[in-house]
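The values are calculated or read from the model by the stated rules, or taken from the named source; none is laboratory data. As the structure is a computational prediction, the values presented were derived from the model and not from experiment. Please note: Cβ atoms are built from the backbone with ideal geometry, for glycine as well, and neighbour counts cover all protein chains shown. For the accessible areas, the whole protein counts, side chains as well, though only heavy atoms, and no ligand, DNA or RNA atoms are used. Shrake-Rupley method; radii C 1.70, N 1.55, O 1.52, S 1.80 Å.
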Amino acid sequence: MVSKRNPDELLKFIPARDSPPYTLVVVYGERSIGDFWTFPDDGTVERVLGAIAKVMPSILTLDDVKRYLESLDKPSERVNRALEAYQSLVKLREVRPGEGLPYKYEPPHLPGWKDMMIGGAIPGLKPNQRNPYFTGGTAKHYRPVINFDKCIKCSLCWEYCPDSVFDVTPDGYFNPALAYCKGCGVCAEVCPVPDTIIMVDEMEFEDGYGKFIDEYRAWKENREAYRKWFESLLPKAQVISVRKR
Ligand code: SF4
Ligand code: SF4
C-alpha cells in the first residue's frame, strides 16, 4: 500500500481474513486517487514496483524494475519514483488471521438456468431498492457528505452518479447509500451549490463497511448535531476533479 498512515491504522480499514497470515507492506507517500475506472499515472505503480524490489527481490529485482520502466515513456521520472520507494522507509506488518476490519463476505447465490426468467432477463430494481451483492466494499478513498440544509433538490447528484448511489427521500432530498459509493467525486463536482456535497477522506470515519452512517436520517434526527459534524468535516474536504482526469 502507498499511504502516509502506519500499518496499524490501515488495518482498521482492511477486511479481516481467516487465513493464511500475510505481510502488509506500506510505502510512505501520497496515496493514489485511481479507482475502478481511472488510471491517473501518478507514480503509484512505480512506487509499488520499487517496494516489491526492496521487500521481495526474489520476485522482482531493482534491475528488473528499472529495465521495465526504462521501456516506457518518461523513463527517468518513473525510475526515480521507484528508487524513492526502494530507498524510503518501507513498513512491514505481519497480519494474523482475523486481524483487520470485521467483514464477512457472502458469496452470491448464482441461479441455475431453470431458475432464470425466460430469455435470461434480469428483473429491474424498484426505486431505492438495491442489489446486496453490488456494494463497493471498502474500495472508496473518499465519501460524499451532504449538507442537506443547503441542498436545493436540483437532482443533479442523483442523475449524474455513475453508480446510482442516491436514494430519493420522501421530502425530495437525495441521500447517498454509502455502501454502493465508489468515491469518484462526480456528485460533488456537478452539485451547483458550493459546499453542499463535500468529499472527505474515508479514513476520517470510523463507521466501517456495512455500518455506514445514513446521512439523511442523521440530519433528520438532529439537525444541529449534523450541522456541527458537517462543519467539522469542511476543512478536510478534498477537491476531486473528474474533468481533470
Ligand atoms: S462519489 Fe458521488 S457520484 Fe461517485 S459513486 Fe459516490 S455518490 Fe456516486
Ligand atoms: S446536486 Fe447538490 S443541490 Fe442538487 S440535489 Fe444534489 S446535493 Fe442537492
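Would you be able to say whether some residue in the range 19-36 is in a loop (DSSP other than H, G, I, E, B), surrounded by 12 or more Cβ atoms within 10 Å (Cβ to Cβ) and free of Cβ contacts under 8 Å to residues at least 12 places away in the same chain? The answer is yes, given that some residue of the range 19-36 is in a loop (DSSP other than H, G, I, E, B), surrounded by 12 or more Cβ atoms within 10 Å (Cβ to Cβ) and free of Cβ contacts under 8 Å to residues at least 12 places away in the same chain. The residues in the range 1-18 that are assigned to a loop (DSSP other than H, G, I, E, B) and closer than 15 Å to Gly98 by Cα can be counted, and the count is 6. Checked against (1) among the aliphatic types (A, V, I, L, M); (2) within 16 Å of ligand 2 (Cβ to nearest atom); (3) within 14 Å of the chain's Cα centre (by Cα), Leu156 meets all criteria but (3). Inspect all residues belonging to the range 228-245 and state whether any of them is open to solvent by 50 Å² or more (accessible area, probe 1.4 Å) and among the small types (Gly, Ala, Ser). Within the range 228-245 (the criterion being open to solvent by 50 Å² or more (accessible area, probe 1.4 Å) and among the small types (Gly, Ala, Ser)), the answer is yes, since at least one residue qualifies.
Of all the numbered requirements in (1) open to solvent by less than 70 Å² (accessible area, probe 1.4 Å); (2) under 24 Å from the mean Cα position of the chain (by Cα); (3) not polar (S, T, N, Q), Gly172 misses one, and that requirement is (2). Note on the range 139-167: residues that are within 14 Å of ligand 1 (Cβ to nearest atom), open to solvent by 60 Å² or more (accessible area, probe 1.4 Å) and not acidic (Asp, Glu) amount to 4. Considering Gly136, Gly120, Gly124, which residue is touching a Cys at 6+ places or on another chain (Cβ under 9 Å), away from ligand 2 (no atom under 15 Å from the Cβ) and either farther than 29 Å from Glu9 by Cβ or not assigned by TED's automatic domain parsing to the domain that holds Leu11 (or both)? Step by step, each of Gly136, Gly120, Gly124 is checked, and only Gly136 is touching a Cys at 6+ places or on another chain (Cβ under 9 Å), away from ligand 2 (no atom under 15 Å from the Cβ) and either farther than 29 Å from Glu9 by Cβ or not assigned by TED's automatic domain parsing to the domain that holds Leu11 (or both).
Consider the range 168-177 and keep the residues that are part of a loop (DSSP other than H, G, I, E, B) and on the phi < 0 side of the Ramachandran plot. The one that is nearest to ligand 2 (Cβ to nearest atom) is Tyr173.
One line per residue, one yes/no per condition, for (1) in contact with a helix residue (DSSP H, G or I) (Cβ under 9 Å, 6 or more places away or on another chain); (2) without any contact (Cβ under 8 Å) to a residue 60 or more places away in the chain; (3) not basic (Lys, Arg):
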{"position": "Leu60", "(1), (2), (3)": "yes, yes, yes"}
{"position": "Lys66", "(1), (2), (3)": "yes, yes, no"}
{"position": "Leu92", "(1), (2), (3)": "yes, no, yes"}
{"position": "Arg96", "(1), (2), (3)": "no, no, no"}
{"position": "Pro107", "(1), (2), (3)": "no, yes, yes"}
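The range 53-167 holds helices (runs of 4 or more DSSP H) entirely within its bounds, and those carrying 1 or more residues that are over 30 Å from Glu231 (Cα atoms) map to 62-70, 75-87. In the set (1) touching a residue at least 24 places away in the same chain (Cβ under 8 Å); (2) at positive phi, the condition left unmet by Lys153 is number (1).
Considering each residue of the range 178-202, count those that are within 14 Å of ligand 2 (Cβ to nearest atom) and either touching a residue at least 60 places away in the same chain (Cβ under 8 Å) or assigned to a loop (DSSP other than H, G, I, E, B) (or both), and give that number. Residues meeting the conditions: 8.
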